[in-house]
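Input: a single structure, listed below in structure tokens.
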Amino acid sequence: MTFQTVIEPFRIHSVEPIRLTTRAERFRAAEEVGWNLFGLHADDVLIDLLTDSGTGAMSRDQWAAVQRGDESYAGSPSYFRFRSAVQRLFPFKHIIPTHQGRAAEKILFSVVGGPGKTFINNTHFDTTRANVEFTGAAAIDCVCPEGRVPSLILPFKGNMDVELLERTVESVGPANVPLVMVTVTNNSGGGQPVSMANLKAVRAVTQKYKLPLFLDACRFAENAWFIHEREAGYGDKTVSDIVREMAALADGMTMSAKKDGLANIGGWLALNDDVVAEKCRNMLILTEGFPTYGGLAGRDLDAIAQGLSEVVEHDYLNYRIRSTAYLANALTKAGVPVMLPAGGHAVYIDARALLPHIPPLSYPGQALAVALYVEGGIRGCEIGTVMFGLHPDGTETPAAMDLVRLAIPRRTYTQSHIDYVVEVVTHVAKNASQLKGYEVAWQPSALRHFTARFRPIEA
Ligand SMILES: *Cc1c(COP(=O)(O)O)cnc(C)c1O
């Protein structure tokens, strides 16, 4: 007998209290911070779905590993445990620890980027794009066209458009492309996976033009699980073997251990090229630290080493991916428009579709995010016109979509927490026609979503 209920494959060993609040308290808290959920004190939030980055729960064995951490400045045993854990999955020659993913990006692109260069990715994550552009280089996204249509149900919507990749390499000239990158899973494209067949096709193009291929591998285990579940020929392979097959197609990687490292901080840059690695290590010493600790304490390196053995466990990944799908399916059943199929780490509500009476420039995503907080204490993240609508010249246009992302921290919330989220979102959706838009009361000139203040439009 196989039972249908997917249980959390862990028991709770140490608990963190959630402070229950009333609607009136939350209304006051939101009003005080100018209706910007980034301004809230986190203990005024009941269920925090702002991000899955660094917010997961560490295991008993990770906390034990923290105690084993060795804080020697150079040559710490923690570094060697970290390096072998990384190389068991990603057998690259050089493993360079950093304090998080963007530090790995900063170092890599400072070394290989610069004016006149072009980097191609399925979809650049925002820190990746920012670090490319900071060097004066261009960042071009070549995700497959299906990846841009939220309602299409397809297995690998994170795939690179391989023909577009090749045309782009031809048009900018291969000599101006320092490397091609594939983001697994495609975070900015809804956490959608990339197939092994697509990685192989990308590899063939990069080989033809002799270009290095790098993985932005933050959610490598979730991506490998989707390959295991969805791609012909991979159902019998272990996730570890699938990850090694992905790694074998690449020449290097950047990684945030705050995602599939199951740690609260950390990351790394890995690569095979000796000359580039030496330049990266020199930069690392300037900005992060000595090459055997990067920006991390020895105990962080040990927590990551242990996390990497847990993140590829099939019971964990089955639970992880099924629980994200559980939320997406329950919302779909309740008539709430969400991006489909569910990605690995988050569910994206289509606020523009849910609130057609609020025009994009009155921020339907912001209105929905604030309502989820005030009504139920749930903190999601607007990904829409507030985040992307303001341009450097001060003009404003609607973003391509107005979404609210509910990101699921790893091993942190139980099914009853998620059932509560479903109940709150359903309640807010039923009364969606009463929600009002917002206008900006104050904003900075860039990255306004973090600090802007808003005011409800009382029409
Ligand atoms: C989070 C993330 C990064 C950056 O990592 P940080 O640890 O937040 O600096 C880069 N790429 C992707 C796809 C990410 O999800």
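The values are calculated or read from the model by the stated rules, or taken from the named source; none is laboratory data. Computed from a predicted structure; not experimentally measured. When we count neighbours, we look across all protein chains shown, and the Cβ atoms used for this are built from the backbone with ideal geometry, even at glycine. Just so you know, the surface numbers come from the protein's heavy atoms only, side chains and all, with ligands and any DNA or RNA stripped out. Shrake-Rupley method; radii C 1.70, N 1.55, O 1.52, S 1.80 Å.
So which of 397, 385 is among the polar types (S, T, N, Q) and either open to solvent by less than 20 Å² (accessible area, probe 1.4 Å) or closer than 27 Å to residue 221 by Cβ (or both)? If you could, list the steps in order and put the result at the bottom.
Working: 397 fails: either open to solvent by less than 20 Å² (accessible area, probe 1.4 Å) or closer than 27 Å to residue 221 by Cβ (or both).
Going through 397, 385 in turn, the sole match is 385.
Identification of strands (runs of 3 or more DSSP E) wholly contained in region 380-459 with 1 or more residues that are in contact (Cβ under 8 Å) with a residue 24 or more places away in the chain and either of a type in the set (Asp, Glu) or farther than 30 Å from residue 260 by Cα (or both) yields 381-383, 438-442, 453-456. Within region 45-59, residues that are at positive phi have Cβ atoms under 8 Å from residues that are open to solvent by 20 Å² or more (accessible area, probe 1.4 Å) and more than 9 Å from the ligand (Cβ to nearest atom) in these pairs: 54/264, counting only partners at least 6 apart in sequence or on another chain. Just one residue in the set 130, 104 is within 30 Å of residue 347 (Cα to Cα), of a type in the set (A, V, I, L, M), crowded, with 22+ Cβ neighbours inside 10 Å and outside the structural domain of residue 363 (by TED's automatic domain parsing); that residue is 104. Looking at 249, 269, 211, 262, just one residue is farther than 18 Å from residue 196 by Cβ, touching a Lys or Arg at 6+ places or on another chain (Cβ under 7 Å), at pLDDT 95 or above and of a type outside the set (D, E, K, R), and that residue is 262. Would you confirm whether or not region 403-412 contains a residue that is more than 19 Å from residue 339 (Cα to Cα) and open to solvent by 40 Å² or more (accessible area, probe 1.4 Å)? Yes. Looking at region 241-355, the helices (runs of 4 or more DSSP H) lying wholly inside it that each contain 2 or more residues that are within 16 Å of the chain's Cα centre (by Cα) and either under 30 Å from residue 204 (Cα atoms) or within 16 Å of the ligand (Cβ to nearest atom) (or both) sit at 314-333. Can you spot a residue in region 24-43 that is at pLDDT 95 or above, in contact with a His (Cβ under 8 Å, 6 or more places away or on another chain) and within 16 Å of the ligand (Cβ to nearest atom)? Yes, region 24-43 has at least one match.
Region 77-139 holds helices (runs of 4 or more DSSP H) entirely within its bounds, and those carrying 1 or more residues that are more than 15 Å from the ligand (Cβ to nearest atom) map to 77-89, 101-112. For residue 208, the conditions (1) within 26 Å of residue 274 (Cα to Cα); (2) open to solvent by less than 40 Å² (accessible area, probe 1.4 Å) all hold with the exception of (2). Just name the residue that is farthest from residue 109 (Cα to Cα) out of those in region 150-194 that are within 16 Å of the ligand (Cβ to nearest atom) and part of a helix (DSSP H, G or I). Of everything passing the filter in region 150-194, 189 is farthest from residue 109 (Cα to Cα).
Considering 301, 296, 269, 286, which residue is more than 24 Å from residue 237 (Cα to Cα), surrounded by 24 or more Cβ atoms within 10 Å (Cβ to Cβ) and out of contact with any helix residue (DSSP H, G or I) (no Cβ under 7 Å at 6 or more places or on another chain)? From the options 301, 296, 269, 286, the qualifying one is 296. The set of residues from region 68-86 being surrounded by fewer than 24 Cβ atoms within 10 Å (Cβ to Cβ) and either in contact with a Lys or Arg (Cβ under 9 Å, 6 or more places away or on another chain) or among the charged types (D, E, K, R) (or both) comprises 68, 69, 70, 71, 77, 81, 83. Taking the criterion of being open to solvent by 20 Å² or more (accessible area, probe 1.4 Å), of a type in the set (Gly, Ala, Ser) and within 22 Å of the chain's Cα centre (by Cα), the residues of region 13-55 that qualify are 39, 42, 53. Exactly one residue out of 330, 342, 400 is of a type in the set (A, V, I, L, M) and at pLDDT 95 or above, and it is 330.
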